[in-house]
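Peer 1: Sharing a structure with you now.
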Amino acid sequence: MDNWRAEFPVTENYIYMNHAGVAPLSCRVRDAMTAFVEDATVHGAVHVEIWAEMAEECRVAAARLLNADAAEIAFMKNTTQGILLAANGIDWGAGDNVVTTAVEFPANVYPWWSLKERYGVETRMVPERAGCIDVADIADAIDARTRAVTISHVEFASGFRNDIQAIGELCRARDIWFVVDAIQSLGAIEVDVKAAHVDILAADGHKWLLAPEGAAIFYCAAEKLERLINTNVGWASVVNPRDFLNYELTQKPDATRFEEGSYNSVGLYGLRAAVALLLDVGIANVEERVLGLTARLMAGLEAKGYRVITPKADGSRAGIVIFESPRHSPAEMEALLRNERIITAARGSGIRVSPHFYNTALEIDRLLEVLPVL
């Protein structure tokens, strides 16, 4: 564990538990990005072929993390771009509907809401019950005009982990598009797009993947590739993209058709290093560690009188724990913790704590020690 903690210099200054917000970078991610910047500074684009090779290595690593094929992976600038591709790429008809929840992050709401004015598509928002989303409620919201179900794997405001395998099976049986926002799960827990019958998945790198902002993973199942209308066709979307004056609007046969232009190369260098680190640790080991830390935290919070919103069962949560105080506002608690160099985030009526695998039980105990007994 000490070797892995050494990868994160942030541990020398803070107890950092805001990975559901923006994660700190590891040494290997910093070094990878710095190496690219130095190369581009000293050599310009002389080594552009090496940059392209690295991007393909990143694609293979991302596919391995998802249990996908490399041909099903594209790179985006953020999660929102991937969700927009999904929302705008489905062949909608007036009267169609999409089912989501009433507690999604706005990135997974506004792209679908915007379909109403353009196509007459209704967005059905399933409410949560006691901090959880019931698969039966999603099933009840589906009818013959439902074209898509879109959901966060882990809800940002509660930490609840949706059963994407059950939802995926529901969608597969009805030939409904299944779209997953995985930004709060990918890198913290195991994600298997094949087992869960996911059609489209998007996740930016700057949270649990421990990568920089502006470098996101987008997955489109091979069997759905031709059905998803590419609304962002650019020069890099087509076959033979570098035959610049031979205009031919034949799109690439894989998910790279959704990469409309030049890469964020420095971001992909960082993403490649970050995914490699997680694969080295082992995502199953990461999940076990994260669930253990959060279980310890939840038990300690309840012992001190705090109300824990996040479900307790391992299968119903991931790396996020939300808790409330009847005496102190979220801003007061966040400031109290920050004064002790413990980094968390105020969210809604509570505090969101999101430790990663390199955090320790002693750091959890220190956070609990700082919080007053209620």
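Each value in this text was obtained by applying a stated rule to the coordinates, not by laboratory testing. In this text, all values refer to a predicted model and were calculated from it rather than measured experimentally. Please note: Cβ atoms are built from the backbone with ideal geometry, for glycine as well, and neighbour counts cover all protein chains shown.
Peer 1: Could you work out the local net charge near L225, counting Lys and Arg as +1, Asp and Glu as -1, over the other residues with Cβ closer than 9 Å to its Cβ? If you can, show how the numbers build up before the last one.
Peer 2: Working: positive: K224, R227, R257; negative: E72, E223, E226, D254.
That sum, taken over residues with Cβ under 9 Å, equals -1.
Peer 1: I would also like to ask the following. Hey, what number do you get for the chain at 222 nm if only DSSP H runs of n ≥ 4 count, each worth -39500 (n - 2.57), divided across all residues, to the nearest 500? Walk me through the intermediate numbers first.
Peer 2: Details: 12 runs with 136 residues, N = 374.
My calculation for the chain gives -11000 deg cm²/dmol from helical runs alone.
Peer 1: For G315, what charge total do you get from the other residues with a beta carbon under 12 Å from its beta carbon, if Lys and Arg give +1 and Asp and Glu give -1?
Peer 2: Working: positive: R161, K312, R317; negative: D163, E190, E287, D314.
Result for the neighbourhood of G315: -1.
Peer 1: I'd like the trypsin sites (Lys or Arg not before Pro) in the range 187-277 restricted to DSSP loop residues with at most 13 other Cβ atoms within 10 Å, sorted by number. Please list the in-between numbers first.
Peer 2: Working: sites: K194, K207, K224, R227, R242, R257, R272; in loops: K194, K207, R242.
Of the trypsin sites (Lys or Arg not before Pro), the ones in loops of the range 187-277 whose Cβ has at most 13 other Cβ atoms within 10 Å are K194, R242.
Peer 1: Please identify, among C27, C220, C171, the residue showing maximal mean-square fluctuation in a Gaussian network model of the chain using a 10 angstrom Cα cutoff.
Peer 2: The residue with the greatest mean-square fluctuation here is C27.
Peer 1: Run the dipole for the chain about the Cα centre, Lys and Arg Cβ at +1, Asp and Glu Cβ at -1, nothing else charged, and hand back the magnitude in debye, nearest 20.
Peer 2: Working: 35 positive and 51 negative charges, 163 e Å.
Result for the chain is approximately 780 debye, rounded to the nearest 20.
Peer 1: Which one of L209, L225, L268 has the biggest mean-square fluctuation once the chain is modelled by GNM with Cα springs under 10 Å?
Peer 2: Checking each option, the largest mean-square fluctuation is seen for L225.
Peer 1: Starting from the exponent 0.38 and prefactor 2.2 Å, build the expected Rg for the chain from its residue count and divide its actual Cα Rg by it. Intermediate results must be reported in sequence, preceding the final value.
Peer 2: Numbers: Rg = 21.2 Å, N = 374, 2.2 N^0.38 = 20.9 Å.
In units of the 2.2 N^0.38 Å rule of thumb, it is 1.01.
Peer 1: Distances longer than 27 Å among the Cα atoms of the range 241-374: what percent of all pairs is that? Walk me through the numbers before you get to the answer.
Peer 2: Working: 3729 of 8911 pairs.
Cα-Cα pairs in the range 241-374 separated by more than 27 Å: 42 percent.
Peer 1: Could you give the semi-axes, largest first, of the ellipsoid that matches the range 125-270, computed as the square roots of 5 times the alpha carbon gyration tensor eigenvalues and rounded to whole Å? Could the numbers behind the result be given before it?
Peer 2: Working: eigenvalues 195, 85, 24 Å².
So the three semi-axes of the range 125-270 are 31, 21, 11 Å.
Peer 1: For F105, what charge total do you get from the other residues with a beta carbon under 10 Å from its beta carbon, if Lys and Arg give +1 and Asp and Glu give -1?
Peer 2: Values: positive: none; negative: E104, E155, D181.
Taking every Cβ under 10 Å from that of F105, the sum is -3.
Peer 1: Now for a different question. Averaging over all projection directions, find the projected area of the Cα convex hull of the range 166-231 and quote it in nm² with one decimal place. The partial results should precede the final answer.
Peer 2: Working: hull surface 19.8 nm².
For the range 166-231, averaging the hull's shadow over all directions gives 4.9 nm².
Peer 1: A further question follows. Based on the Cα coordinates of the range 1-83, what is the per residue volume of their convex hull in Å³?
Peer 2: Numbers: hull volume 12.7 nm³, N = 83.
Per-residue hull volume (Cα only) is 153 Å³.
Peer 1: Now, a different point. May I have the pair-distance distribution P(r) for the range 250-306, computed from all Cα-Cα distances with 5 Å bins from 0 and rounded to whole percent?
Peer 2: 4, 14, 11, 12, 13, 12, 11, 9, 7, 5, 2, 1, 0
Peer 1: Number of Lys-Lys pairs in the chain under 27 Å by Cα, sequence gap 8 or more or different chains?
Peer 2: So the count of such lysine pairs works out to 13.
Peer 1: Still on this structure, please answer the following. Send over the per residue convex hull volume for the range 1-141, Cα only, as a whole number of Å³. Can you show the working numbers first?
Peer 2: Details: hull volume 29.3 nm³, N = 141.
So the per-residue hull volume is 208 Å³.
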